[in-house]
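*Asks:* The structure is given below, and queries will be raised subsequently.
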Amino acid sequence: MWHATPLAGVALAAGYVFPNLLLAASVPVAALAISNLWLPAYGDLAIAAVVYAVIAWPVLLGAAGLLGRERPRWLAVVGGSLACSLVFFFSTNLAHWLFRADYPHTLSGLASCFAAALPFYKWMPLGDAAWTVAVFALVSAVHAVVDSLQERRLRPQAVSVRSLD
């Protein structure tokens, strides 16, 4: 399955969780940089820059509160992941068409570039949605545990007194 990666979900969640946008953006960018140690090069610095930017932009979506403030709104989370898939597909393929000589710089060449990329996009929305739901489920579970622990700490403890009979 091509492009079934957790990066969009991780980026959305990083924006949702971390108040510092630079720290939040460093999470998916670092993950991509580490994975690129084993993957082939992009072949063009401009394309690489577009890929890194498109991997980082979901942080803004997660930080904007569109996914929910206190708890994630699941429909918004899935919608955000699908937006990530579309933006990645259109941005990276437009960059490929602009910066590489594989396709003529005509409307027909652009259409051919997007058509050739469709098989790679086929599973991306499903993969992004599944990984994003999984990542946000983990975030929600951690929030629930933290809330529970805080509630226990704040609740007065029952004191039992033993009789000295």
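*Asks:* For the range 3-17, which positions are hydroxyl-bearing (Ser, Thr, Tyr) and either in contact with a strand residue (DSSP E or B) (Cβ under 9 Å, 6 or more places away or on another chain) or under 13 Å from Ala134 (Cα atoms) (or both)?
*Replies:* Selection gives Thr5 alone.
*Asks:* Restricting attention to the range 118-135, which residues are surrounded by 15 or more Cβ atoms within 10 Å (Cβ to Cβ) and of a type in the set (A, V, I, L, M, F, W, C)?
*Replies:* Those that are surrounded by 15 or more Cβ atoms within 10 Å (Cβ to Cβ) and of a type in the set (A, V, I, L, M, F, W, C): Trp123, Met124, Leu126, Ala129, Ala130, Trp131, Val133, Val135.
*Asks:* Can we say Leu12 is under 21 Å from Ala95 (Cα atoms) and either in contact with a Ser or Thr (Cβ under 9 Å, 6 or more places away or on another chain) or free of Cβ contacts under 8 Å to residues at least 24 places away in the same chain (or both)?
*Replies:* Taking the combined requirement at face value, the residue does not satisfy it.
*Asks:* Restricting to the range 120-153, name every residue that is more than 19 Å from Ala11 (Cβ to Cβ) and assigned to a loop (DSSP other than H, G, I, E, B).
*Replies:* Lys122
*Asks:* Could you please let me know if Ser85 is touching a Pro at 6+ places or on another chain (Cβ under 7 Å) and within 18 Å of Asp128 (Cα to Cα)?
*Replies:* yes
*Asks:* Further question: List, please: which pairs have Cβ atoms under 6 Å, are six or more places apart or on different chains, and start with a residue in the range 47-63 that is of a type outside the set (S, T, N, Q) and end with one that is at pLDDT below 95 and not in a helix (DSSP H, G or I)?
*Replies:* Matching pairs, first to second residue: Ala48/Tyr42.
The values are calculated or read from the model by the stated rules, or taken from the named source; none is laboratory data. None of the values given here were measured: they were computed from a predicted structure. Cβ: placed from backbone, ideal geometry, glycine included. Neighbour counts: every protein chain shown.
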